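Visitor: Input: one structure, supplied below.
The values are calculated or read from the model by the stated rules, or taken from the named source; none is laboratory data. Bear in mind that the values here come from a model prediction, so they are computed numbers and not experimental data. Quick reminder, even Gly has a Cβ in these numbers, built from the backbone with ideal geometry, and neighbours come from all protein chains shown.
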Amino acid sequence: MRRRSLMLGSLFLQIIILGSFNRALFAESTVPELLKQLRDPDQKVRVSAAEALGKMGPRAQSAVPALIQALQSGQLLAEKAAEALGEMGDKAASAVPALTVAMRGNITCAAASSLGNIGPAAGSAVPELRMVITKARTMCTWRAVTALGQIGPSAKDATWDIARLLGTPDPALREAAKTALLRIGIKKDDDVSRWALGLSSSDPSVRRDSVLALALYGTKAKSAIPELIKSLNDPEPDVRALSAYALGNIGAEAKSAVPALIEALHYRRDWRLRTFAARALGDIGPDAKSALPALLDRASFGFSGRDDECANAAYALGQLGPEAGDAVDVLTRLVSNYQKDVRREAAGALGRIGVRASGSALEVAKLLVDYEADVRETARETLEKISPETKNAVPVYLIELESSTATVREAALKGLGLTGGEAAPAIPAIVRHLQDPAAKVRSGAAYALGRISPGNTAILPDLLPLLHDEDFFVRQTAFSTLRALEPEASRTVVELRRLMKDSNPELQAYIAAYPLSDLGAQARAAVPELIVALHDPNPKVRRSAIAALGKIGGEASVPELRSMLKGSDDRITAAVAEALSYIGPNAKGAVPDLRALLSHSAPEVRGQAALALGEIGRESRYAVPEIKILLEDPDVMVRYAAMSALANIQTGEENGN
């Protein structure tokens, strides 16, 4: 087991220690230390302390007043304080007023999540949470909806604010809304006939309650289909919209509602009904194919109409499958829409239509570089679904490689990469773009080569120069591709060894810190160059070389690393001790030097020395008396390191290693 850096304020080791020590005593002794760090002048220390208190959960209840005060700090610390309060659950109930106020500032999401974790005790925050979900949709909307559900029945006033989100094209938000309504306690019983009868009541509130209950029944509400169809014309907008949602929730068995839902798509005065109706038609599926012209009409409004309505229409067209082949042109235009839900649903629809949408491959490929992760993933899935014909797009991709727009060239390269071996004829053109003036295009070219031709060592000479590209991401992509082309990494290591002799210290530091470290034992041949780098005048190069030698392991570098334990730079000394902990038992020769560091004036050095001795194992058993002294160290992290080291040494003795 290997350790990460022991940094002030970090409580990574707490996870290990809690399994072996009394939790209550641990909390009692640790919270005062963390509260002290919460007032430290260094913001990093304060933030780490807040994170650590959150990991302790309810056991850190005594920290609630200090964390409430931290909510008024800068954004990062305030967010961590809010998160910590949420981890304490109802033990942080006294923080509800402060968290409610914090939602009006720049930590809305974190405060909303925390209020939800506090649960029913956060009932007074319901009005503020309702304001969040009725504003423009953001990630905070999902957090607030989830929080209202966690608060439970006392959030009943938010019922219809939440219900109106059931028609959103965002799948995560739809599910959160449904879950929240169930947790609030909307559905009272399973008497569908009673709720269906309620739809004809003269009392609007009864009709609203009835349709909401039916909306959450799913296919169990199929006996209410006739009443739900009639309710699409209810005077109450919410009843109309939720009737459409309920019909969609029933699915294919609600096909008799298709004509009424098509009519609802043309209800000009009610955009919410149109939005819900479009989604419902999609949920009914291929049996709603007669809705194709109306859905095309609504999808076309994506260039001038409401985003949710357009996105749901695109979704519905996709649910019709190959029957919606006539919608390909409209959907292809929608993949460039400014709104992410529209782009995602349009791309997904093209994938469900299948090979008839193969002509849209290039436009969909442009979404592979979209700034929204879910849009990128949908585009990737769509391109794979239309793959039987995607090879026909290769000539189009090749034409787009000559575009004057870097984003278009990048998208074409990503598309070629997803085409796989079928794009092999494009390799020469892709190789040329390894020298493209735009970094993202060079990175895209490296990516494409790895996907199209894994194991093709003939292109190694073209890729190796990218290891010293000026752009970090280009270097990283090139290295990942080299790993795919040459798993044994022999030629890659030769090039990396050459680059370690470069005069550019930034490049040297990168090569040591990333490729050589990632290769680990495969980079043993580079140990001589890394040992030379240990004496580089640039501290960044030295630290990177130290880390790489630790990851590579073996005994060869131990003598040089031992000599560096006696330096005057505490950061370097701690880094060397950490590297020795990675080397583990093979670093047994460093035990005397590490023992000497247990009394070092710098806590980080003491802690890392203890951790290294623990990783070396039973050969460190003679250092146990000195390590035990550190159990009383004034620095909390050193105490944790000592505890961990003693546990590892004991395990090593028991296992004989």
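Visitor: I'd like the full set of residues that are among the β-branched types (V, I, T) and either under 40 Å from the mean Cα position of the chain (by Cα) or surrounded by 23 or more Cβ atoms within 10 Å (Cβ to Cβ) (or both), limited to region 605-639. So that I can check it myself, show each step before the final result.
Guide: Quick first cut of region 605-639, residues among the β-branched types (V, I, T) only: 605, 616, 624, 627, 629, 636, 638.
Matches in region 605-639: V605, I616, I627, V636, V638.
Visitor: If you go through region 264-286 one residue at a time, do you hit one that is within 19 Å of G218 (Cα to Cα), β-branched (V, I, T) and assigned to a helix (DSSP H, G or I)? Outline the logic, then answer.
Guide: Restricting attention to region 264-286, the residues satisfying the condition of being within 19 Å of G218 (Cα to Cα) are 273, 275-286.
Filter once more, keeping what is β-branched (V, I, T): 275, 284.
From what is left, the residues that are assigned to a helix (DSSP H, G or I) are 275, 284.
Yes, region 264-286 contains at least one residue that is within 19 Å of G218 (Cα to Cα), β-branched (V, I, T) and assigned to a helix (DSSP H, G or I).
Visitor: Within region 435-446, is there a residue that is modelled with pLDDT under 90, touching a helix residue (DSSP H, G or I) at 6+ places or on another chain (Cβ under 6 Å) and over 16 Å from R380 (Cβ atoms)?
Guide: Of region 435-446, the ones modelled with pLDDT under 90 are none.
Checking region 435-446: not a single residue is modelled with pLDDT under 90, touching a helix residue (DSSP H, G or I) at 6+ places or on another chain (Cβ under 6 Å) and over 16 Å from R380 (Cβ atoms).
Visitor: Another one. Name the one entry in L334, L367, L350, L418 that is out of contact with any Asp or Glu (no Cβ under 9 Å at 6 or more places or on another chain) and of a type in the set (A, V, I, L, M, F, W, C). Spell out the reasoning first.
Guide: Working: L334 fails: out of contact with any Asp or Glu (no Cβ under 9 Å at 6 or more places or on another chain); L350 fails: out of contact with any Asp or Glu (no Cβ under 9 Å at 6 or more places or on another chain); L418 fails: out of contact with any Asp or Glu (no Cβ under 9 Å at 6 or more places or on another chain).
One residue alone meets the criteria, L367.
Visitor: Would you mind listing the helices (runs of 4 or more DSSP H) fully within region 317-397 where at least 2 residues are polar (S, T, N, Q)?
Guide: Numbers: elements: 328-334, 340-353, 361-365, 373-385, 387-390.
By residue number, 373-385, 387-390.
Visitor: Of a type in the set (D, E, K, R), in a loop (DSSP other than H, G, I, E, B) and assigned by TED's automatic domain parsing to the domain that holds A111: is that true of D40 in this structure? Please lay out each step first, then the result.
Guide: On the way: of a type in the set (D, E, K, R): yes; in a loop (DSSP other than H, G, I, E, B): yes; assigned by TED's automatic domain parsing to the domain that holds A111: yes.
Here the answer is yes, as D40 does meet what is asked.
Visitor: Do we have S73 as modelled with pLDDT of 95 or more and crowded, with 17+ Cβ neighbours inside 10 Å here? Show your work before the answer.
Guide: Working: modelled with pLDDT of 95 or more: no; crowded, with 17+ Cβ neighbours inside 10 Å: yes.
No.
Visitor: Let me ask another. Can you tell me which of A596, A574, A587 is among the small types (G, A, S), touching a residue at least 60 places away in the same chain (Cβ under 8 Å) and within 30 Å of L646 (Cα to Cα)?
Guide: Working: A596 fails: touching a residue at least 60 places away in the same chain (Cβ under 8 Å); A587 fails: touching a residue at least 60 places away in the same chain (Cβ under 8 Å).
After applying the criteria, what remains is A574.
Visitor: Quick test of your reading of the structure: M564 fulfils all but one of (1) among the aliphatic types (A, V, I, L, M); (2) within 22 Å of V605 (Cβ to Cβ); (3) within 36 Å of the chain's Cα centre (by Cα). Name the failing condition by number.
Guide: (3)
Visitor: Which residue out of A446, A426, A512 is over 24 Å from K551 (Cβ atoms) and of a type in the set (A, V, I, L, M)? Write out each step before concluding.
Guide: Working: A446 fails: over 24 Å from K551 (Cβ atoms); A512 fails: over 24 Å from K551 (Cβ atoms).
Of the residues listed, the single one that is over 24 Å from K551 (Cβ atoms) and of a type in the set (A, V, I, L, M) is A426.
Visitor: Sticking with this one: Restricting to region 230-242, what's the tally of residues that are crowded, with 19+ Cβ neighbours inside 10 Å, free of Cβ contacts under 8 Å to residues at least 60 places away in the same chain and not charged (D, E, K, R)?
Guide: So the answer is 3.
Visitor: Of the residues in region 273-323, how many are touching a Lys or Arg at 6+ places or on another chain (Cβ under 6 Å), crowded, with 24+ Cβ neighbours inside 10 Å and among the charged types (D, E, K, R)?
Guide: Looking only at that region, the number is 1.
Visitor: Say whether the condition of being within 24 Å of the chain's Cα centre (by Cα), under 16 Å from C310 (Cβ atoms) and surrounded by fewer than 24 Cβ atoms within 10 Å (Cβ to Cβ) is met by at least one residue in region 367-389.
Guide: Yes; the residues of region 367-389 include at least one that is within 24 Å of the chain's Cα centre (by Cα), under 16 Å from C310 (Cβ atoms) and surrounded by fewer than 24 Cβ atoms within 10 Å (Cβ to Cβ).
Visitor: Okay, next question. Of the residues that make up region 579-598, is at least one under 24 Å from Q37 (Cα atoms) and among the small types (G, A, S)? Talk me through it step by step, then tell me what you get.
Guide: Within region 579-598, the first condition is being under 24 Å from Q37 (Cα atoms), and the residues that meet it are 598.
From the residues that got through so far, the ones that are among the small types (G, A, S) too are none.
No, because not a single residue in region 579-598 is under 24 Å from Q37 (Cα atoms) and among the small types (G, A, S).
Visitor: Any residue at all in region 348-364 that's within 18 Å of V328 (Cβ to Cβ) and under 22 Å from the mean Cα position of the chain (by Cα)?
Guide: Yes, that holds for at least one residue.
Visitor: Also: Would you point out which residue out of A264, A224, A257 is over 34 Å from the mean Cα position of the chain (by Cα), farther than 24 Å from A314 by Cβ and surrounded by 22 or more Cβ atoms within 10 Å (Cβ to Cβ)? Break it down stepwise before answering.
Guide: Details: A264 fails: farther than 24 Å from A314 by Cβ; A257 fails: farther than 24 Å from A314 by Cβ.
On inspection, the qualifying residue turns out to be A224.
Visitor: Hey, among L247, L199, which residue is in the same structural domain as L292 (by TED's automatic domain parsing) and either in contact (Cβ under 8 Å) with a residue 40 or more places away in the chain or within 21 Å of G152 (Cα to Cα) (or both)?
Guide: Details: L247 fails: either in contact (Cβ under 8 Å) with a residue 40 or more places away in the chain or within 21 Å of G152 (Cα to Cα) (or both).
Selected residue: L199, the only one of L247, L199 that is in the same structural domain as L292 (by TED's automatic domain parsing) and either in contact (Cβ under 8 Å) with a residue 40 or more places away in the chain or within 21 Å of G152 (Cα to Cα) (or both).
Visitor: Just checking, how many residues over region 460-484 are surrounded by fewer than 21 Cβ atoms within 10 Å (Cβ to Cβ), outside any loop (DSSP other than H, G, I, E, B) and out of contact with any Pro (no Cβ under 6 Å at 6 or more places or on another chain)?
Guide: Adding up the residues that qualify gives 11.
Visitor: Filtering region 438-459 down to residues that are within 20 Å of E402 (Cα to Cα) and of a type in the set (A, V, I, L, M), which residue is surrounded by the fewest Cβ atoms within 10 Å (Cβ to Cβ)?
Guide: First, the residues of region 438-459 that are within 20 Å of E402 (Cα to Cα): 438-449, 452.
Narrowing the set further to residues that are of a type in the set (A, V, I, L, M) leaves 438-439, 441, 445-446, 448-449, 452.
Working: A438: 16, A439: 18, V441: 24, A445: 31, A446: 29, A448: 31, L449: 30, I452: 22.
So the residue we want is A438.
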